[in-house]
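The values are calculated or read from the model by the stated rules, or taken from the named source; none is laboratory data. Nothing here was measured: the structure is a model prediction, and the numbers come from that model. For neighbour counting, all protein chains shown are included, and Cβ atoms are generated from backbone atoms with ideal geometry for every residue, glycine included. To get the accessible areas, we keep the full protein, side chains included, count just its heavy atoms, and leave off ligands, DNA and RNA. Shrake-Rupley method; radii C 1.70, N 1.55, O 1.52, S 1.80 Å.
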Amino acid sequence: MFGDLFEQEGEGLGDSGVSAGVHAGGGKEREPPPPRGPVRLSGIRNQGGTCYLNALLQTLLLTPEFREQLFSLEPQELGVVGEDGVDTEVRIIPLELQRLFARLLLLDEQTASTTALTDSFGWTNHEEMSQHDVQELNRILFSALESSLIGTSGSALIQQLYHGTLVNQITCKECNNVSERQEDFLDLTVCVRGVSGLEEALWSMFIEEEVFEGNNLYRCSRCERLVHATKCAKLRKLPPFLTVSLLRFSFDYEKCERYKETSSYSFPLSIDLWPYSEQSSLPDSEFCYELFSVIIHKGGCYGGHYHVYIKDIDQLGCWEAPEEDVKEKQTQRKTQTVKESDVAVDMEDPLSVLTAVIAQESSGSVMLDQLGQKLMDRIGFSWNKKFRKQFGPINKFLRSHSDVFLLVSDSSRVALNPKHTINTNIHTNANGPKSTVAEQRGAGLSVVQEAGHEAELRLGTESSGMGVESEIHLGAQRESSCHWFDLNDSTVTPIRERDIRKQFEGKESAYMLFYRKKSLQRPPEASGNPAYKVPPHLLEMIHEENARLQQRRAEFDASSNSVEFRLHLAPCYCTRNGALQPFSTDTSAIAMTFDRRKTVGDLRLAVYQMQDQWEGDMALTIAKHLPAGLHLYNTLTDDQQSLYSAGVSNGSDLFVWNGREVNGERVQIGTEWEPVLLNVMRPCVQLDAGCEAVDESGLQRSSHGFPRALTLSDVREALGQQEALVCQEEKGAEPDGGGASGWRVCSPEAMRKTLRELTLRDGDSLLLLPPTHASDSMFSVNGDLVTLMTPSDCRWLQVQFWPQTAAEEEEEGKMKKIVASGDTLLGEVKQRALEQLQLQERLTGVPCCLRQLDRTGKLLPPVREELCLRDAGIRLMTSLYLCPGLAPKCTQLFLYCRVSTAPSSDPELELIVEETLSVKECVMEMARAAGLEGTCWHVRRMDWCEEVGEPLRDENASLLEVGVANGDTLVLTEGQLPPKGFLKLMVSWWWGRSEDPDGECVPAVPELNRSTERTHTAEMMKSVGFVEISEEASLQDLRCQVLTLPALLDVCVPTPEFLRVWLVEDQRLSKILRGNTLTLRKLKVVCGSEVCVQKLQCEENLGVKDVLLRVRMGVPGERAYYPSQEFVWDAGRDPSAKGLYHSLSSLYGISPENLLLAKHLPEKHTWMPIHNWTQQVSKRKKKKKVESLQGAPYCLRDGDIIGVKNLLVDSNREFSTLQDEEAQQRLREQTENCRKEVHGNVTQEALPEGKTRATKHRKPEVALSISVGVFR
């Protein structure tokens, strides 16, 4: 139904997409609708779901008798629509239908809109977007037209064209009494199911008799008793147009669902209804009908798309051969030509080979530069290699055989001479060109035979010159005088009559058939005349609309081809900084709009007319605004070139000048002279007195523009600093600290390179350092590196006291600026801070240090006091904090320490140790600082994402050797460090029932929610100790070692296979470890993992693909389940739902069709049904991958609960229990309470007092209807 939404993008948007709104381009005019295509038939836009309406309207439009009778209705009969709206006396439906038909016939638009018509129906957006049946629409529309035309000359329009009658007759076998009942019809509804075609369906309806016998007797009104009788039906009155509705949609009572009949159902292009009609005196021609319209439905019973095949009776459209027909004809002709030429080709004869190569081309000629390649493709050798030595160049050979070859298109193509005749028995040799006609006669051909042969060849040559389209067109004329078209909403395409047979069956098949009597003849003046019988007032309306369309298209064409650019006049500019700059800031460019299809000469003439006082030559050059100013690129010299080809676009800048100079200065143009704006830095001599443009670094800054073609030496010379060192700022290198910035002296090789080669960009900086300033204290020259020190007014650090106790908090506000430079030692900064903060007496004997703060407010490690600011990486004009504590020396490390057993809220310990300290000694120091006893501790390093990493295994190595750096965080972990390659695992024992490791099913324990369930599971597990095992050990080895734990010595297990090992995550059993020979490393068991061991009643050896499920069979007639049992499902064979159904079918001895499965979701207390059906895949698509239940959305894992229903004894398909409903109610209450707590206040403030939030309800679905006024 939503045809354009499924089939074609960009259509189906309704009328609003074309006739309303603003164009996306901004303020420009909207694009007008495109004109009609070469087919000359107009389509209808889909409003979203109106494809069924479009198909029926196109059928009625191309029914000439219906169209002409509709046009015969006078305006006085239908009424007139006023300016204020629709008058109640206006018959709006036939009036809008007239206008729509007139637009479809005559308006120069590719598509028409049905918005006005659907508005006259009283439809809203709901009807326009909803899917409906075209057969239902046909009846409703005819009824609406009949009601609208009451009291007019067209009141009998529908009855005259479509009304027919049939009679049902019951004949008594005893008295031959005939009982009749007559029925009227506008369309015949025929059955599709179990019928091969239309003729068979009509035969069963009107030829076959139903016999009343046995228990099914008929009561005769004359005999007044039950008698044997026969029943039949006949067509009594045949309409001029017969509409046949096919019952494609049926209902399956077993599956209780609708479906579409897609079996083959044939229908003839012409049909004789005489066998199905009552005997009458009408001529035979009155019973003959021909097919002229087929409405096709594509899709299923719940949705799809309609389009229509229509026969153009009045030949209003321009039929062209379908593209596939043209390709097929071309392929056939090419194959035939190749076969004919292959017969006559002699691979050693160049004349024969070249003739065959040219003859097999569909165009009849070959590009001269492509002939050599085609010759190589033909014989496998090039001309130069095979024929050049004997026959010379190929061009010379072609010209020497002008009687065979003809050079055309300025000698760029070669074709065969029309006078030349290809004879399969003629071959050239090395000495002579070809045999003569006399030789042919000598071969046994008489003059008469030769003349006939030449005439035949000439006829074949002339016919071969006919185009493929001409042949197809002639074939189409022989096929039928009227052509067929496929009208698919906005698209109209020509089709063949044989294409109708493709709609006999399948998802895309015929749905409604329209036949017309063959006796209906059309007048000659109606052929190819779309204005035939169109009323004058409608012709005038269409004429006005076409005029407006042409005006809109002309305006749009002009606006879309208009280009806006700016003109810059040379007298207003001067050259400065290597670019053009206006004399005054008030100088503005001249905005100009011009047609880009016009030539450069036209634009030059227009500019001449604008500037009357311009003298001399005028050059137009494309310019561009750069940071340095306006730069000129290429001059428009070809006056015949269009502005579009010249590269003039919207927003372009054109400079008007004489082409040589601007105000007496010569201007270089082009990309190579493009200026780059550089910042030139120079030392400021009078820093204290101040100088202009001095930045915070104490350098004088100025901006200069230079062409990119200049070398660095030219730039230095232009700046008047021939002896100065040119330095380039280090890119991407951050200063180490102390407020210094780095520059690198350009080498002599760099001085000879251009600015383009040095990749200098706008805004880059160059430092000119005169020799007199190289020894200045402000600069430090070390090789080719120049370091610029920060000026005196920026040489300071801010130091603030950081209190540690409540008594010191009063000192927190103290803050001082300490004078410092990059060479100042941090120890000196600390002493100055203590003096200026007046903390010497208070902190006497108390060690203190300087520390920085990170972005989170955490104190960073103390800085080493023997380093200077530059070496420590501390920038000037930043803050340091004076904190109690020692500062590490150059051989010490400052470390943060944590204890793994301590709460995360406890503060970190700070420790200063020697970097030569061993890991074991560091562990002892950390335990002593944390006040811990014992030696069963090891240390782990915290990684960058605040997660505990691998332990430091080499206890005898120093901290420096294991990579511990200043400021690292170490975690003190309880337990002896396992050897390298070993895992330390925590082992728990399951004390619950062996058949139910997770305890009772959640629905049976309503008190358990997600958190309490986790607690309940943890209570069923009891820790029994730790095991140390190699990561290369197998699962079997892990089972054996678990049994050696002291807490499990009294446990009696026959073999280790009687133990099941679970991985524990978040205090819940998550995964069963399977594969006895697999190593723990392959099982992804890491150090610190927790495992839970469960004792079984029998041995177990799960495969890698096996899934352990707990299945529960439902109690018939009750909302409860039997106790669960473990079931091992081999998902490796078939992981789909079908495989699980078959496995459980074998377990319970019930067929899969009588089973219903669902997975329990304990977090939501709901059940997810597992359906045993396979999604149908289109034949065009690839084979669909098998959907695994271990993937989304089911995600089956070990321990999942599967509910099973036996449909043979249990009719209840609902899996939830009463406990589930109670748990769901508690979840809803909790969610509602949380929502009220979070959003309660916001809701009260957002809504006014006394008002409630409106709830949107869906409208109920209603049947299709058309509103019609009363005209009686």
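Here are the numbers for this structure:
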quantity: ³J(HN,Hα), Karplus 6.51/-1.76/1.60, whole Hz, each residue of the range 1108-1121, x for Gly, Pro; calculated: 8, 10, 10, 9, 10, 8, x, 7, x, x, 10, 9, 8, 10
quantity: Extension reserve of the L269-R1081 stretch, reckoned as 0.36 nm per residue once the Cα distance is removed; calculated: 284.8 nm
quantity: Difference of contour (0.36 nm per residue) and Cα-Cα distance, A116 to E89; calculated: 8.0 nm
quantity: S559-Q640 FRET efficiency (beta carbon distance; Förster radius 25 Å; 0.05 resolution); calculated: 0.50
quantity: Cα coordinate range in the range 85-187, projected on the principal axes (Å, largest first); calculated: 67, 34, 28
quantity: Computed FRET value (nearest 0.05) for L605 with D714, which takes r as the C-beta separation and R₀ as 30 Å; calculated: 0.15
quantity: Dipole of the range 199-258, positive end: most advanced residue of L235, N216, W203 [Cβ charges, Cα centre]; calculated: L235
quantity: The range 199-312, accessible surface, carbon-and-sulfur percent (1.4 angstrom probe); calculated: 50
quantity: Label-to-label distance, nm, for residues given as S281 and T230 (7 Å Cα→Cβ offset); calculated: 2.7
quantity: Amide H within-cut-off set for A112, under 5 Å, with H built and near neighbours excluded; calculated: G43, I44, R45
quantity: For the range 1050-1112: Kirkwood Rh in Å [reciprocal of mean 1/r, alpha carbons]; calculated: 13.0
quantity: Pairwise label distance in nanometres, C574 with S130, each label 7 Å out on the Cα-Cβ vector; calculated: 7.9
quantity: Inverse mean reciprocal Cα-Cα distance (Kirkwood Rh) of the range 144-243, Å; calculated: 16.0
quantity: 37 °C / 0.692 mPa s Stokes-Einstein diffusion coefficient of the range 132-190, Kirkwood radius on C-alpha pairs, µm²/s; calculated: 236
quantity: Solvent-accessible area per residue, Å², over the range 110-203 with all protein chains present [probe radius 1.4 Å]; calculated: 42
quantity: Full-extension gain in nm, E209 to R756, via 0.36 nm per residue minus C-alpha separation; calculated: 187.1 nm
quantity: Residues whose placed amide H lies under 5 Å from that of S263, excluding near-sequence neighbours; calculated: G506
quantity: W1062, W673, ranked by accessible area, largest first (probe 1.4 Å); calculated: W673, W1062
quantity: Efficiency of FRET from Cβ geometry, V1128 and K1236, R₀ 56 Å, rounded to 0.05; calculated: 0.75
quantity: Relative packing of 850-859, 595-604, 395-404, which averages over residues the other C-beta atoms within 10 Å, highest first; calculated: 595-604, 395-404, 850-859
quantity: Segments 836-844, 259-267, 241-249 sorted - mean Cβ within 10 Å per residue, highest first; calculated: 241-249, 259-267, 836-844
quantity: Relative contact order computed over the range 1040-1155 (Cα-Cα under 8 Å; 6+ residues apart), in percent; calculated: 18
quantity: Amide H contacts under 5 Å for V939, placed H, 5+ residues apart; calculated: L952, T973
quantity: Simple spin-label estimate for M815 and Y1148 in nanometres, 7 Å along Cα-Cβ; calculated: 7.5
quantity: HN-Hα J in Hz across the range 166-175 - Karplus 6.51, -1.76, 1.60, θ = phi - 60°, x for Gly and Pro; calculated: 10, 10, 9, 10, 10, 10, 6, 6, 8, 10
quantity: Shape call, the range 811-867: gyration tensor on alpha carbons, a/c limit 1.5; calculated: rounded
quantity: Principal axis dimensions, largest first and in whole angstrom, of the range 1046-1159 by Cα; calculated: 50, 30, 30
